[in-house]
Amino acid sequence: MKAVVLTPEKTLFDGEAHLLQLPGLSGSFEILDNHAPIIAALAQGKLRIVTKKGEELIFDIKSGFVEAKDNQVNVLVE
């Protein structure tokens, strides 16, 4: 799936991802290929991305939102 992670200052990630693990307001959750459409608010915590190549990236975030639809995931974080 295509994933983009943006902050007000820069792009943290723009590429193909296998998995995104996100800190939701009610707890951590994951988005995988062909996930059902979702829009969710994010809490402070760690955003984890596993790329198609198997690389693991971890970002500390304060808050944000995620939208997933049609194998496109957009994450806006602070």
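Matching residues to (1) of a type in the set (S, T, N, Q); (2) more than 9 Å from the chain's Cα centre (by Cα):
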position: 7; (1), (2): yes, yes
position: 12; (1), (2): no, yes
position: 31; (1), (2): no, no
position: 50; (1), (2): no, yes
position: 54; (1), (2): no, yes
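Please find, among 32, 22, the residue that is buried (at least 16 other Cβ atoms within 10 Å of the Cβ) and at pLDDT 95 or above. First the steps, then the outcome.
Details: 32 fails: buried (at least 16 other Cβ atoms within 10 Å of the Cβ).
Just a single option satisfies the conditions, and that option is 22.
The values are calculated or read from the model by the stated rules, or taken from the named source; none is laboratory data. No experiment lies behind these values; they were computed from the predicted model shown. No Cβ is skipped: glycine too gets one built from the backbone with ideal geometry, and neighbour counts run over all protein chains shown.
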